[in-house]
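The values are calculated or read from the model by the stated rules, or taken from the named source; none is laboratory data. Since we're looking at a predicted model, the values are computed, not measured. We place every Cβ from the backbone using ideal geometry, glycine too, and count neighbours over all the protein chains shown.
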Amino acid sequence: MAVRKMVGPALAAVLVVAATTYVFTAPYTRIAGVRIGGKMTPPPADFTAAFQRNVGLIKTGGFPPFVVHVLLVPFKGGFVTATRPDGGYWSKRASAAPDGYVRAGDTTLAMRATEILGEDRLPYLREWGGPDLDRRLSGGVIVGVSEPLRDFQVFLWTPR
């Protein structure tokens, strides 16, 4: 009987430790979390000089406030991100609640996402896509992805 009384509190303790570990370690691993980490910093005058093309973190507004890993490409006053047009989590959140945070390295910036639509996406996709982009824009498919790059959703993140 004593063992049955201890199971509930022990299970609760395990869940609290697991949740706390998840919240505080997720920004440093390849899984989504709820805490973005980094040091809040004012935006630089020139993003292309201050940052390199690299995987970073974004945390969109709204609920749930998950942090996700994305490729951040510095571009004219902000960052360019892109995603498959499959209605994924972060693109929905960026469209519905565009005020969020971007973390590049140890720097965290308060940013706003603006979806770029139509043919206006091409300069941003050219920057984001990197080498061999023209072949992929002309209909080539990225390995492991069913949609051509020209169909990707593009977001420009600018300081707010």
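So which residues in region 71-82 are more than 10 Å from residue 156 (Cβ to Cβ) and surrounded by fewer than 19 Cβ atoms within 10 Å (Cβ to Cβ), if there are any at all?
Correct list: 71 only.
Taking the criterion of being free of Cβ contacts under 8 Å to residues at least 24 places away in the same chain and among the acidic types (Asp, Glu), would at least one residue in region 103-114 satisfy it? If you could, list the steps in order and put the result at the bottom.
Going through region 103-114, the residues free of Cβ contacts under 8 Å to residues at least 24 places away in the same chain turn out to be none.
Looking for residues that are free of Cβ contacts under 8 Å to residues at least 24 places away in the same chain and among the acidic types (Asp, Glu), one finds none in region 103-114, hence no.
Give, as residue ranges, the strands (runs of 3 or more DSSP E) completely inside region 59-134 that count at least 2 residues that are over 23 Å from residue 43 (Cα atoms) and more than 14 Å from the chain's Cα centre (by Cα).
Details: elements: 67-75, 78-83, 99-104, 107-116.
Filter on region 59-134 gives an empty set.
Report, by residue number, each residue of region 32-49 that is at pLDDT 85 or above, in contact with a Pro (Cβ under 9 Å, 6 or more places away or on another chain) and either loosely packed, with under 14 Cβ neighbours inside 10 Å or over 18 Å from residue 159 (Cα atoms) (or both).
42, 46, 49
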